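The values are calculated or read from the model by the stated rules, or taken from the named source; none is laboratory data. If you're wondering where the values come from, they're calculated on a predicted model, not measured in any experiment. Every residue, glycine as well, gets a Cβ built from its backbone with ideal geometry; the counts of neighbours run over all protein chains shown. Surface accessibility is based on the protein's heavy atoms, side chains included, excluding ligands, DNA and RNA. Shrake-Rupley method; radii C 1.70, N 1.55, O 1.52, S 1.80 Å.
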Amino acid sequence: MNDNKKEIVRLLKESEGSPVSGQEIGEKLGITRAMVWKYIKALRKEGFDIRSSPKTGYILDSSPDRIDPGELKKILQTSLIGKDIRYFSELESTNSTAREIASNVSEGTVVIAETQKKGRGRMGSEWQSIAGGVWLSLILKPAIPLENVSKITLVAGIAVTNTLRNMDISARIKWPNDVLVNGKKICGILTEVSAEVDKVDHVILGIGINANVKLSDLKYEIRKNSTSIVNETGNTVDRTVFLANLLYELEQQYIRFETKQFADIVDEWINLSDTIGREVRVTTPHKLIEGKAVGITERGALVVLDKNKKRQEIIAGNCHYSN
Ligand code: BTN
């Protein structure tokens with residue numbers, strides 16, 4: 001959006017529903033009333049609902065549901081995560097773009113897209129990424145060995161869950177990293193890593209949250225196990241504010257990961273978990289494990305007591321609840 005349009009939206013928002021005349025806008029921006037009218041018409045085409053009356057001026061009734069990266073930068077209260085924000089209307093996949101730019105950007109860079117054409121899920125699955133969602137990838141460059149990367153995924157699950165719980169949404173984590181509300185998936189996390197033999201180069205944390213996604217717009221196969229913030233609360237969320245809260249929470253958890261005992265993080269994960277204590281069936285490329293989920297290890301592996309009371313540790317797989 002060009003600066004004049006941005007400024008008009010800002011002035012109309014600032015007036016909180018009282019009319020602002022074309023003359024006043026024109027004077028503030030140093031443009032003619034005819035130009036103001038031209039920008040108003042362009043803004044309406046972009047989805048801004050602007051009422052106009054020749055006597056009183058313009059009133060902004062509603063704005064389109066778009067993330068505002070400029071506003072996000074202003075309200076963000078972090079020192080690392082989101083200091084560099086790359087915002088796109090549409091991408092194939094934020095994780096793919098993040099991977100392309102990772103070596104040339106600083107740690108904490110975030111890639112955000114309004115929609116993804118080829119959103120990717122875990123284990124090669126599709127991630128339907130329609131308008132209204134929060135689709136982002138966070139680039140991290142932690143000085144950790146490869147085997148510790150799964151810990152960062154746990155940290156991300158906690159951050160998303162806490163952000164939702166702070167909005168009174170009763171989110172819980174299903175191992176390994178789905179965030180569920182009332183048994184339905186609201187968020188998925190895809191962690192990708194680039195590493196040399198003993199050292200991580202960068203980690204890409206891809207986070208997809210069905211914020212204002214209308215469930216009826218999702219494919220049946222996806223819809224039947226999904227929920228969204230708007231579906232749970234009845235209200236759409238301001239995704240710019242939501243992102244600011246989420247990035248803040250991610251930073252808090254990341255600082256904690258880098259500075260505190262990992263056992264504390266495991267304890268919090270277990271407190272927020274939907275999986276521990278349940279009878280589960282976990283499929284991996286090599287085997288099927290059935291039994292009771294009793295904990296997770298420091299590496300994020302699920303611990304299952306199988307039918308023979310044998311302890312099994314599963315580092316990656318798909319988990320289904322048996323009851
Ligand atoms: C899952 O299968 O549960 C993981 C889904 C991860 C989706 C997010 S959306 C943003 C980022 N970009 C992608 O292509 N995938 C992740």
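Quick notes
- The stretch 72-81 - phi-based ³J(HN,Hα) in whole Hz, Karplus 6.51/-1.76/1.60, Gly and Pro as x: 4, 4, 5, 8, 5, 10, 10, 10, 10, 7
- Computed from point charges on the beta carbon alone (+1 for Lys and Arg, -1 for Asp and Glu), the dipole magnitude for the stretch 183-290 about its Cα centre is near 600 Debye.
- Quotient of the Cα radius of gyration of the chain and 2.2 N^0.38 Å, N being its number of residues: 1.14.
- Legend: calculated FRET efficiency, A42 to E100, from the Cβ-Cβ distance at R0 = 35 Å, rounded to 0.05, equals 0.65.
- Farthest towards the positive end of the charge dipole of the chain, among the residues N225, V193, I207, is the Cα of N225, using unit charges on the Cβ of Lys, Arg, Asp and Glu.
- Summing charges over neighbours of E147, with a neighbour being any other residue whose Cβ is under 12 Å away from its Cβ, gives +1 when K and R count +1 and D and E count -1.
- In this structure, the pairs whose alpha-carbon distance is over 18 Å, taken from K41/K73; K185/K214; K151/K310; K5/K28; K184/K224, are K41/K73; K151/K310.
- To the nearest ten degrees, helix 239-259 and the longest principal axis of the Cα atoms of the chain are 40 degrees apart.
- Using only side-chain charges placed at the Cβ, +1 for Lys and Arg and -1 for Asp and Glu, the dipole size of the chain relative to its Cα centre rounds to 760 debye.
- Degrees between helix 149-165 axis and first principal axis of the chain (Cα, 0 to 90, nearest 10): 50 degrees
- Estimated [θ] at 222 nm from DSSP helical runs (n ≥ 4, -39500 (n - 2.57)) normalised by residues in the chain, nearest 500: -10000 deg cm²/dmol
- Rounded to whole Hz, the Karplus (6.51, -1.76, 1.60) HN-Hα couplings of the stretch 190-206, x for glycine and proline: 10, 9, 10, 9, 10, 8, 8, 3, 10, 9, 6, 8, 8, 10, 10, 9, x
- Normalised per residue, the accessible area of the chain is 50 Å², obtained with a 1.4 Å probe and no contribution from ligands, DNA or RNA.
- Positive-end residue of N148, S129, V36, charge dipole of the chain with Cβ unit charges: S129
- Carbon + sulfur, % of accessible area of the chain - ligands and nucleic acids excluded, 1.4 Å: 47 percent
- Dipole magnitude of the stretch 3-62 about its Cα centre (Cβ charges: Lys, Arg +1; Asp, Glu -1), debye to nearest 20: 260 debye
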